[in-house]
Amino acid sequence: MTSGSEHSEEWIAANRAMWDERVPLHAASALYDQDGFRAGRDEIRGFEAAEVGDVTGKRLLHLQCHMGQDTLSWARRGAAKVVGLDFSEPAVAVARSLAADIGLADRAEFVVSDVYEAAAALPDKDYDIVYTGIGALYWLPDIRRWAETAASLVAPGGFLYLTEFHPFLNVFSWDNATEVKEDYFRAEPLVTDEPGSYVDFEAETVDNLSFARLHTLGDIVSAICGAGLRLEFLHEHDMTVFQQFPELVQGEDGMFRLPEERPRLPLMYSLKASRPL
């Protein structure tokens, strides 16, 4: 199992600077469509809503919440209290502004903190639901420490819910989902120093250095179970939320899949792990 704790300080500082610079770009983008969100657009995917279940009256914590649109969507779905945590102060400022704009400031709180320091930074120390959305774990140097932190914040009888891009896809190049190019069990960090963002690959940016780690599915599940949570399910999905490969085709549900004539691949996964009463 990879840990990467030896890279943590440099890793987190570089990633924070990279994300801070991209917040205005993301907030103005069509992908995040904040005007549409203010008008009522829901960010929660159908399978997430079905797997998490009714959140009415629940206290929900969203780790690595970025600009808080998923977090606030859970509040719109009835959560009594939502708390979003992110290490980017500009992202949290956008989240707080959105909460005020849509009238949810009384039920939504946003905290600036590195995820590893969440237990000390948060107003409450346990939650009915701890949620981590798509694209979060890739940026973390130490998956075991993350799992221990997340598990410590789950109240007795509560659960951790995670949905992510499937790590198996990392063996392919971004332009070809047919030829294996990379080592699935890669242990060294993935270091990138390129301008732009996933909302605009041509954007001119300055803070471009970032660090990532390709955690395997086994590492992630083992870390969560090793932190004391009980795995309820692990679902692998043949769909994803954007056109990660040119071959993917968007369906009527807005999700992307391989063409029908192609053998299916696991494009995303989701899991639920609970803390017994």
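Does the range 109-127 hold any residues that are more than 20 Å from residue 225 (Cβ to Cβ) and either out of contact with any Leu (no Cβ under 6 Å at 6 or more places or on another chain) or part of a loop (DSSP other than H, G, I, E, B) (or both), and which are they?
109, 110, 112, 113, 114, 117, 120, 121, 122, 123, 124, 125, listed by residue number.
Looking at the range 165-174, can you tell me whether even one residue there is in contact (Cβ under 8 Å) with a residue 60 or more places away in the chain and more than 30 Å from residue 29 (Cβ to Cβ)?
Step one: of the range 165-174, the residues in contact (Cβ under 8 Å) with a residue 60 or more places away in the chain are 165-166, 168-169, 172, 174.
If we keep only those that are more than 30 Å from residue 29 (Cβ to Cβ) as well, we get none.
There is no residue in the range 165-174 that is in contact (Cβ under 8 Å) with a residue 60 or more places away in the chain and more than 30 Å from residue 29 (Cβ to Cβ).
Return yes when residue 253 is among the charged types (D, E, K, R) and over 25 Å from residue 55 (Cβ atoms) and no when it is not.
When the stated conditions are applied, residue 253 does not pass them.
Report yes if residue 120 is closer than 23 Å to residue 46 by Cα, at pLDDT 95 or above and either within 18 Å of the chain's Cα centre (by Cα) or surrounded by fewer than 19 Cβ atoms within 10 Å (Cβ to Cβ) (or both), otherwise no.
No: the conditions fail for residue 120.
Count, please, the residues in the range 152-177 that happen to be among the charged types (D, E, K, R), more than 16 Å from residue 220 (Cα to Cα) and in contact with a helix residue (DSSP H, G or I) (Cβ under 9 Å, 6 or more places away or on another chain).
0
Since residue 213 meets every condition but one in (1) farther than 25 Å from residue 44 by Cα; (2) touching a His at 6+ places or on another chain (Cβ under 8 Å), which condition does it not meet?
So the condition that residue 213 fails would be (2).
Quick one: would you say residue 151 is in contact with a Gly (Cβ under 6 Å, 6 or more places away or on another chain), surrounded by 15 or more Cβ atoms within 10 Å (Cβ to Cβ) and within 19 Å of residue 129 (Cα to Cα)? Can you show your working first?
Details: in contact with a Gly (Cβ under 6 Å, 6 or more places away or on another chain): yes; surrounded by 15 or more Cβ atoms within 10 Å (Cβ to Cβ): yes; within 19 Å of residue 129 (Cα to Cα): yes.
Considered against the rule, which asks whether it is in contact with a Gly (Cβ under 6 Å, 6 or more places away or on another chain), surrounded by 15 or more Cβ atoms within 10 Å (Cβ to Cβ) and within 19 Å of residue 129 (Cα to Cα), residue 151 comes out as yes.
Within the range 221-270, take every residue that is among the aliphatic types (A, V, I, L, M) and more than 23 Å from residue 46 (Cβ to Cβ) and give me the one that is surrounded by the fewest Cβ atoms within 10 Å (Cβ to Cβ).
Residue satisfying both the conditions and the ranking: 221.
Could you grab the pairs with beta carbons closer than 9 Å, sequence gap of 6+ or different chains, first residue in the range 89-104 and over 11 Å from residue 34 (Cα atoms) and at pLDDT 95 or above, second one of a type in the set (Phe, Trp, Tyr) and not in a helix (DSSP H, G or I)?
91/110; 92/110; 93/110; 96/110; 99/110
Please work out if residue 205 is among the hydroxyl-bearing types (Ser, Thr, Tyr), loosely packed, with under 15 Cβ neighbours inside 10 Å, over 20 Å from the mean Cα position of the chain (by Cα) and under 27 Å from residue 9 (Cα atoms).
yes
The values are calculated or read from the model by the stated rules, or taken from the named source; none is laboratory data. Being a predicted model, the structure only gives us computed values, none of them experimental. Positions of Cβ are backbone-derived with ideal geometry, glycine not excepted, and every protein chain shown enters the neighbour counts.
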